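Right, one structure below, let's go through it.
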Amino acid sequence: MTTDPGVSLRGAFPRQLAAGLVLGAMGVSLALSFATLVFQGDLAPELGRGAGWALASFVALGAVTALTSSFRGLAAGVQDAPTVIIGAAAVGLVATAEEPMATLAAFIILTTAFTGALLLVMGYFRLGGLVRYVPFPVVAGFLGGTGVVLTIAGADILFEPGGGAAELGLRTVPGLLVALLLVALGRGGRSSLASAVVLAVGFAGYHVAAAIAGIDRVEGMARGLLLGPFPSGSLADLGVIAELWSADWGAVFGQLPAVVVMAMLVPLGLLLNTGALEHTFKVDIDVDLELLSTGAGLMVAAPFAGLPGYVILGDTVIGRRIGGASRIPPLIAAVIGAVVLAVGADVVSLLPVLIPGGLLLGIGLDFLISWVWDIRHRVGLLEHAVIIGIVAAVAVFGFIQGVGLGVVAATILFVFRYSKTPAVRAVTTARVRRSNVQRNAADEATLVELGERAVVIELQGFLFFGSAEQLVKSVREGLGPEPHIAVVILDFRRVTGMDSSVAASFDRLARMAGEHQLEVILCGADPETLGTLQPTLDQGVIRYEVDLDRALETYEEEVLGSRAKPLALVPESVIDSHWEACPAIEMAAGDVMITEGEQRAGVFYLESGRASVVPADDEMAYRRAVLLPGSVIGELSHLTGQPANSTVVCDTECVVRHFTEEWFVEFCARDPVQALALQRLIAARLAEKLTAANRTIRSLL
């Protein structure tokens, strides 16, 4: 993706003006439509004030985001889903509060200000990515539920009872036609400008038909064909703050769950829409800056009881397609909204009810089709069932209950699916899975013979009570009436975390181990997991090792005991004949024998002591090999001529002999038969290492 390019002003202003006029008309229509969604029923007489609140939000959000957004041309305003929550809360407030309008104003101011402050905090601390962790079925179900509410609201407006033939012909049928055309155009992938044309034709068509039928503006409002009646003069409600003292704050705080839902919804909707803009226009958008920008706009709108909102995806796409990547169109739209807010009554009452009713119904149907029907191709059967359940719960019980049901259902679905993910990544035995300690052929044969006595279980993912119980059950079944297992090694290296209840399962494992004389070794746990298991380890039945390699070494040392022999790779004849040219070197524990990347390091022969082959930057956590007396070190680099690929560190005091490249040249010239025998032995040892590695890899497939 690229950053958002600007647009040249030369020759572009006519397009920008056209885009601004379209955005202004659509933004005002949407704001008024959403105002009718809240102010209906007992609140219908207060629609004039509600229109002013919605327009105040459109102006504040539109102007602030147009000036400060990282995406030029971003159009913001009142949104559907937040308005639905406000509408649902309004029903409860009107039913319980003594001063419904003052109480509703207090609720909206509190909600908008809290949401704006939350967005500012999230943007300041760059927390935009956190909202993306909301489960997708919850998001889809919520949007589908929004579609149900919008569809019902639009249908209620268009099918208002008590109408006659004139109402049917001037409101219901045209409104349905507008809704269906909006859905068809949106799903047909046609230009969003066509939607604006439909609204313009609907507006003009009503007034032409009303003029023919002899219905004037006053009669149109009285018969529910036009918005209104509104109070004369400005729609701006500048004194709404002064009414807060008479609000029923008990009823306001009783709606705090709705405030919490709004605080989740607005950031989520903002991020979803900005993500869609990124994919649509192939640009990068600074999400945290958008949080700050929208938060500032909401804080400006809050004192005027502005309804919550954020970026409007459809309007932004229209503005960009008509006027290009410019801040001017959304600013023009905000100016249009301010003019309507200032002089509004006469202008707004010219808007036929079929426009907001058709818009709400069309948006609702589009949401339902997209998030209930089309979504089935993107989710599994269970997730689709969760989405439908949320939609049904929203339709029957309300948004808060629907979202709560969605979160619970998504959590149960996650636990169910995760419980089916095996906690055991691989099960092998010490016959094929051995430590990195290099041993002689006799010791290797012993470990192969007795390897079935030790089982290595590699765990993965997040362990909780279900997966832990499955693990304990499998170990118990492995013991059986005639157990052949003496050691169980549990590798926690790939475990990402564990539930505290898992400790109880491991307590039972410890008791079972004590009863059956079973040795259990835990290894590779992170500090947090180790802390949870520490009480079990303190019982002294289960042991702990740093990693799987050391756990396997512990088992092998117990099996071999005093029978372990040095490697004795180099023939005695070579030692007797040619060792005198390389005197013994004594090295202390911690001394570095070979450094990774070292050129022409030569070959070392370990006469006594113990050393480890480790990555240069992680000496204690991971050992590539453990070297015992008789080991030849650096042979791969010697044979290939490449730099050393590992660092070799002395674990104890060591006695070594260092054979330089010059020594090998002289050795080959002096005794070619013995030199060839030595080279063959080195190559054979490398082949044995490769065979052992392949055996381990096959056991994990």
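The values are calculated or read from the model by the stated rules, or taken from the named source; none is laboratory data. Here the structure is a predicted model, which means the values were calculated and not measured. For neighbour counting, all protein chains shown are included, and Cβ atoms are generated from backbone atoms with ideal geometry for every residue, glycine included.
Annotations for the structure displayed:
- Among the numbered conditions (1) under 16 Å from GLU558 (Cβ atoms); (2) assigned to a loop (DSSP other than H, G, I, E, B), the only one that ILE521 does not meet is (2).
- Hey, GLU444 more than 26 Å from the chain's Cα centre (by Cα), in a helix (DSSP H, G or I), not small (Gly, Ala, Ser) and not assigned by TED's automatic domain parsing to the domain that holds LEU168 or not: yes
- Failed item in (1) assigned to a loop (DSSP other than H, G, I, E, B); (2) surrounded by fewer than 20 Cβ atoms within 10 Å (Cβ to Cβ); (3) touching a helix residue (DSSP H, G or I) at 6+ places or on another chain (Cβ under 6 Å), with HIS484 passing the rest: (3)
- Residue match in the range 190-209 (condition: surrounded by fewer than 19 Cβ atoms within 10 Å (Cβ to Cβ), touching a Lys or Arg at 6+ places or on another chain (Cβ under 8 Å), assigned to a helix (DSSP H, G or I) and at pLDDT below 85): yes
- Checked against the criterion of being crowded, with 24+ Cβ neighbours inside 10 Å, modelled with pLDDT of 90 or more and under 25 Å from LEU238 (Cβ atoms), the range 64-74 contains one or more residues that satisfy it.
- Residue in the range 110-132 that is crowded, with 17+ Cβ neighbours inside 10 Å, among the aromatic types (Phe, Trp, Tyr) and either more than 21 Å from the chain's Cα centre (by Cα) or farther than 26 Å from VAL407 by Cα (or both) present: yes
- Filter result for ALA568 (in contact with an Asp or Glu (Cβ under 9 Å, 6 or more places away or on another chain) and at pLDDT below 90): no
- Selection status of LEU47, of a type in the set (A, V, I, L, M, F, W, C), touching a residue at least 24 places away in the same chain (Cβ under 8 Å) and either surrounded by 24 or more Cβ atoms within 10 Å (Cβ to Cβ) or closer than 12 Å to PRO308 by Cα (or both): no
- When residues of the range 525-560 are limited to those that are over 17 Å from LEU459 (Cα atoms) and among the hydroxyl-bearing types (Ser, Thr, Tyr), the one surrounded by the fewest Cβ atoms within 10 Å (Cβ to Cβ): THR554
- Selection count, the range 430-443, where residues are in contact (Cβ under 8 Å) with a residue 40 or more places away in the chain and closer than 28 Å to HIS516 by Cα: 6
- Matching residues in the range 237-253 - criterion: being under 12 Å from GLU98 (Cβ atoms) and among the hydrophobic types (A, V, I, L, M, F, W, C): ALA247, TRP249, ALA251
- Residue ranges of helices (runs of 4 or more DSSP H) in the range 327-377 with at least 1 members over 24 Å from ALA81 (Cα atoms) and out of contact with any Cys (no Cβ under 6 Å at 6 or more places or on another chain): 328-343, 345-348
- Qualifying helices (runs of 4 or more DSSP H) (wholly inside the range 75-167; at least 3 residues being in contact with a Ser or Thr (Cβ under 7 Å, 6 or more places away or on another chain)): 80-96
- Inclusion of GLU556 among residues that are under 28 Å from ARG680 (Cβ atoms), in the same structural domain as GLN438 (by TED's automatic domain parsing) and either at pLDDT 85 or above or part of a helix (DSSP H, G or I) (or both) is warranted.
- Members of the range 445-472 found to be under 10 Å from MET498 (Cβ atoms) and among the hydroxyl-bearing types (Ser, Thr, Tyr), listed by number: SER467
- One residue alone among LEU30, LEU104 is crowded, with 24+ Cβ neighbours inside 10 Å, in contact (Cβ under 8 Å) with a residue 60 or more places away in the chain and over 17 Å from ALA302 (Cβ atoms), and that residue is LEU30.
- Among the residues of the range 647-658, none qualifies, meaning not one is farther than 23 Å from ILE585 by Cα and at pLDDT 75 or above.
- Verdict on ASP237 being crowded, with 16+ Cβ neighbours inside 10 Å and at pLDDT 90 or above: no
- From VAL632, VAL613, residue being closer than 21 Å to LEU552 by Cα and not aromatic (Phe, Trp, Tyr): VAL613
Yes or no, residue by residue, for (1) in contact with a helix residue (DSSP H, G or I) (Cβ under 9 Å, 6 or more places away or on another chain); (2) in a helix (DSSP H, G or I):
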residue	(1), (2)
SER637	no, yes
ASN645	yes, no
VAL649	no, no
VAL655	no, no
GLU666	yes, yes
ALA669	yes, yes
VAL673	no, yes
LEU676	yes, yes
ARG680	no, yes
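- Condition check for ARG433: charged (D, E, K, R), assigned to a loop (DSSP other than H, G, I, E, B) and over 32 Å from the mean Cα position of the chain (by Cα): yes
- Restricting ILE400, ILE387, ILE412 to residues that are assigned to a helix (DSSP H, G or I), modelled with pLDDT of 80 or more and in contact with a Pro (Cβ under 9 Å, 6 or more places away or on another chain) narrows the list to ILE387.
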